[in-house]
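Reviewing the structure listed below.
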């Protein structure tokens, strides 16, 4: 079996989340137009993403997926495409920003402190930072996952 997450499922999910910001529902053909994938590939992706990431509805169309639609997406979907942060992604972004600020800092003392802060937040105290971010983001944010899992969540099954 080949990996469908990066090539098909994530682009379909990203397009779906984006389109649902503009409409109360989106069809397979809407998503296909936005992704450049054909209707059948989009339908397979949505079947793999349902119910963990999307609420996918099939209408009676004799098997033609053109007008099948997504009514809504889940918080996990919004996190997977980066619309909503996870505690881990927030801490990773904070550490990157601190490191980037250190690179641009002219004052040697501030540069050292920023570099140290980036290492503390993103490495040495990462577990504490993630727990703190989880607390700040609130109970509606899903359990913490690793950065690798943010890119390839285990939710949808592989489809052919």
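Yes/no per residue for (1) without any contact (Cβ under 8 Å) to a residue 12 or more places away in the chain; (2) part of a helix (DSSP H, G or I):
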site	(1), (2)
3	no, no
12	no, yes
17	no, yes
22	yes, no
34	no, yes
42	no, yes
45	no, yes
48	no, yes
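Scan region 101-138 for residues that are over 23 Å from residue 74 (Cα atoms), in a loop (DSSP other than H, G, I, E, B) and under 26 Å from the mean Cα position of the chain (by Cα) and jot them down.
Of the residues in region 101-138, the ones over 23 Å from residue 74 (Cα atoms) are 101-129, 132.
From what's left, in a loop (DSSP other than H, G, I, E, B): 105-107, 125.
Across region 101-138, the qualifying residue is only 125.
For region 79-100, which positions are more than 16 Å from residue 130 (Cα to Cα) and not in a helix (DSSP H, G or I)?
81, 82, 83
For (1) under 28 Å from residue 137 (Cα atoms); (2) touching a helix residue (DSSP H, G or I) at 6+ places or on another chain (Cβ under 9 Å); (3) not assigned by TED's automatic domain parsing to the domain that holds residue 15, each residue gets a yes or a no:
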{"position": "44", "(1), (2), (3)": "no, yes, no"}
{"position": "59", "(1), (2), (3)": "no, yes, no"}
{"position": "91", "(1), (2), (3)": "yes, yes, yes"}
{"position": "109", "(1), (2), (3)": "no, no, yes"}
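If you take the residues in region 50-78 that are under 14 Å from the mean Cα position of the chain (by Cα) and outside any strand (DSSP E or B), which one is surrounded by the fewest Cβ atoms within 10 Å (Cβ to Cβ)?
Quick first cut of region 50-78, residues under 14 Å from the mean Cα position of the chain (by Cα) only: 52-54, 73-78.
From the residues that got through so far, the ones that are outside any strand (DSSP E or B) too are 52-53, 74-78.
Working: 52: 15, 53: 29, 74: 18, 75: 13, 76: 19, 77: 24, 78: 16.
Selected residue: 75.
Taking residue 95 as the residue in question, decide whether it is crowded, with 16+ Cβ neighbours inside 10 Å, within 30 Å of residue 52 (Cα to Cα) and outside the structural domain of residue 128 (by TED's automatic domain parsing). Lay out the reasoning, then the answer.
Values: crowded, with 16+ Cβ neighbours inside 10 Å: yes; within 30 Å of residue 52 (Cα to Cα): yes; outside the structural domain of residue 128 (by TED's automatic domain parsing): no.
The answer is no for residue 95.
The values are calculated or read from the model by the stated rules, or taken from the named source; none is laboratory data. All of these numbers come straight from a predicted model, not from anything done at the bench. For neighbour counting, all protein chains shown are included, and Cβ atoms are generated from backbone atoms with ideal geometry for every residue, glycine included.
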